[in-house]
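Step one of this worksheet: look at the structure below.
Read-outs throughout are calculated quantities, based only on the coordinates presented, and are distinct from any laboratory measurement. Remember, predicted model here, so these are calculated numbers, not experimental data. Neighbour counts are summed over all protein chains in view; Cβ atoms, including those assigned to glycine, are modelled from backbone coordinates with ideal geometry.
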Amino acid sequence: MTLQEKVYQVVGQVPKGKVTTYGDIGLLIGSKAYRQIGQILHKNKNSQKVPCHRVVFKDGSLSENFGMGGREKQRDKLQTEGVTFINGKVDLAKHLNLVS
């Protein structure tokens, strides 16, 4: 399985209303190539199957380079799914999903 396939498989498991982090994805698939994981998600063309908007930084902040419309679009998508924010960051205590 390629790195892209592994990343897409993990992200596809994150349910609505939850998020995961680039680091958690890396730990799960055995890769410390966090930037490459971000680049793979940036190129994602199927947000229904691979909900890349549910991937955030380890502090709950959003990426300026979100590939489907930027940070505000990512925030809108997450809020539509019920994700809440504190001081502009995802409330990880409430919404972090550790995919296994």
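Here are the numbers for this structure:
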{"read-out": "Virtual spin-label span in nm between Leu27 and Gln79, 7 Å along Cα→Cβ", "value": "3.0"}
{"read-out": "Taking the chain and dividing mean pair separation by its residue count, relative contact order in percent (alpha carbons under 8 Å, at least six apart)", "value": "34"}
{"read-out": "Nearest-0.05 FRET efficiency for Met1 and Lys58, computed from C-beta distance (R0 30 Å)", "value": "0.75"}
{"read-out": "In order through region 18-34: 3J(HN,Hα) via Karplus (6.51 cos²θ - 1.76 cosθ + 1.60), integer Hz, x for Gly, Pro", "value": "10, 9, 9, 10, 4, x, 5, 4, x, 4, 5, 9, x, 9, 9, 7, 4"}
{"read-out": "For Asn97, distant residues with modelled amide H under 5 Å away", "value": "Val19, Thr20"}
{"read-out": "Residue-span extension gain [Lys49 to Lys94] - 0.36 nm each, minus C-alpha spacing", "value": "13.9 nm"}
{"read-out": "The chain - Kirkwood radius from inverse mean 1/r over Cα pairs (Å)", "value": "13.2"}
{"read-out": "Candidate lysines - alpha carbon under 19 Å from Lys94, same-chain residues fewer than 8 apart omitted", "value": "Lys16, Lys18, Lys58, Lys77"}
{"read-out": "Over the chain: helical MRE at 222 nm, DSSP H runs n ≥ 4 each giving -39500 (n - 2.57), nearest 500", "value": "-11000 deg cm²/dmol"}
{"read-out": "Dipole of region 3-95 [Lys/Arg +1, Asp/Glu -1 at C-beta], most positive-end residue of Pro51, Ala93, Thr21", "value": "Pro51"}
